[in-house]
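Here's the structure, in structure tokens; my notes come after.
The values are calculated or read from the model by the stated rules, or taken from the named source; none is laboratory data. Not measured: the values here are computed from a predicted model. So basically every Cβ, Gly included, is an ideal-geometry build from the backbone, and we count neighbours across all protein chains shown.
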Amino acid sequence: MVVTDPGAVSAAALHAVPELGRETQDEKELMRRMIAWTAPALIGALTLLAVSVVLASGDDRLPTLTPVGAALDTSSEAAGQRRANHGVGFAAMSEQVKDRLDLVRRRGHLVCATSDAIPGFGYLADGANAGFDVDLCRAVAAAALGDPNAVEFRISVPTGLGAAVRSGEIDMVARILTATTTREAEWGNFVHTMYYDGQGLIVRRSLGVAAARELAGASVCVTENTTTELNLADFSRLHRLDLRAVAFAKTSAAVDAYLDGQCDAFTTDHSGLHAYLSVFPDPSGHVVLPDVISEEPLTPLVPHGDDRWYDIVKTVMAILIYAEAYGVTSDSALAQPTGDARVDRLFGLAGSFGQEDLGLSRTVAQDVIRAVGNYGEIYDRHLAPLGLERRGSRNALWAGAPCSDCPRGGQVYAPPLR
Ligand SMILES: N[C@@H](CCC(=O)N[C@@H](CS)C(=O)NCC(=O)O)C(=O)O
């Protein structure tokens, strides 16, 4: 019998079972064949596992130089590798925690994936983690544990992040992560967009380029396994630019390569371009091109499988946003009723916005606002210094926000706290 189809192997083995007790010779022959059939498959599977572990670990010293259109074709081998990096190969390891609030409280701290090398969003200030994203982690720790410092920061690059979330080890991600439908399907639930961004490109001023469409044939440094890499391919194909991506696991390596002259351009979210530009040795020698080539709603993520945890993180984001809308800051006297029912409800002094149903304290918003301030305070502390103007941008509060002097007319909005 010649078997070429692996499906037929198992069918043949099943059929052979009743005969095993009668014919020892047949049994040996069957065993020999089964080993011959299954060994190559086993070796193949182990090789695949080893390859996906290596890919997931990434190596910023080894850039991948690829023609953008070809390598990012979804039917190509590179797309297969990308799926491995998204964590599909780790399904067996994934763990769905049913009561993460309880887990976090028993553990005594929140595990939050963020970055430590992105000015404004996740960076180190005097050795401590700081930034817009870092404050979102601290706000959730304040809500869940009453202590904004009870956070273990897991520093992550985009490569391998999906696998890490699926493993169940991380309670939330807050790290300039764009919400996409594929990530939502494969990684976890995106909670509430906290920064509306779009992808851009930066070039040396001496290149004399004023718009992205003038970059035909250019090489572009990029972080791998990002939406950035995928959008660059779409943009290149759409405008027949034949761009060449030079991809790195770590953004700092991509930036260094650009500054070193290895690429004509560097691309990431516009906020990231401004963040890195702020630490370039010669900022005036570079130009952020005006093009916005994608939508990048930067959004915290929680693992799949625990609705209450999702609701908790979402409610914390709403607290930050409504505190600004109601004019409440970290300096506000929070203990006394104000007579404004919306503010008193937020403070936990009257009524409810569902906080106790979620297992949080009645005065959870006091803990959160005292710890990190409102949305505007977080923005002003970390993003305004990068020159990211909020007034007139999508990151202003919604047009009808009740505050009098806050930036309005943007998209930062949350479901009413009541
Ligand atoms: N928003 C995009 C891009 C994210 C991204 O590229 N992040 C870079 C920096 S701008 C990063 O996190 N790098 C981490 C590091 O290199 O340490 C996405 O979600 O894919």
*Filter segment 209-264 for residues that are within 18 Å of G198 (Cα to Cα), touching a strand residue (DSSP E or B) at 6+ places or on another chain (Cβ under 7 Å) and in a helix (DSSP H, G or I) and give the result.*
A212, T227, T228, E229, N231, L232, T251
*asked:* Taking the conditions exactly as written (under 19 Å from A143 (Cα atoms), more than 23 Å from the chain's Cα centre (by Cα) and not aliphatic (A, V, I, L, M)), does D367 satisfy them or not?
replied: yes
*asked:* Would you confirm whether or not segment 324-333 contains a residue that is under 26 Å from H270 (Cβ atoms) and surrounded by 20 or more Cβ atoms within 10 Å (Cβ to Cβ)?
replied: yes
*Identify, from the list R394, R345, the residue that is outside any helix (DSSP H, G or I) and surrounded by 15 or more Cβ atoms within 10 Å (Cβ to Cβ).*
R394
*Listed residues N149, N189, N129; which is assigned to a loop (DSSP other than H, G, I, E, B) and polar (S, T, N, Q)?*
N149
*Restricting attention to segment 260-278, and to residues there that are more than 11 Å from the ligand (Cβ to nearest atom) and under 18 Å from L243 (Cα atoms), which single residue is surrounded by the fewest Cβ atoms within 10 Å (Cβ to Cβ)?*
G261
*Can you tell me which residues in segment 112-126 are outside any loop (DSSP other than H, G, I, E, B) and crowded, with 20+ Cβ neighbours inside 10 Å?*
C112, A113, T114, I118, G122, Y123
_segment 74-125: number of residues that are more than 16 Å from the ligand (Cβ to nearest atom), at pLDDT below 95 and under 18 Å from V140 (Cβ atoms)_ = 1
*Return the residue satisfying two criteria in turn: it lies in segment 174-215 and is within 15 Å of H270 (Cβ to Cβ) and hydrophobic (A, V, I, L, M, F, W, C), and of such residues it is farthest from the chain's Cα centre (by Cα).*
A211
*Residue by residue through segment 166-179, note down the ones that are more than 8 Å from the ligand (Cβ to nearest atom), assigned to a loop (DSSP other than H, G, I, E, B) and in contact with a Ser or Thr (Cβ under 8 Å, 6 or more places away or on another chain).*
S167, G168, A174, A179
*Give me the pairs: first residue in segment 291-317 and closer than 21 Å to S167 by Cα, second residue part of a strand (DSSP E or B) and within 12 Å of the ligand (Cβ to nearest atom), beta-carbon distance under 6 Å, and six or more apart or on different chains, which are they?*
T299/F190; L301/V173; L301/F190
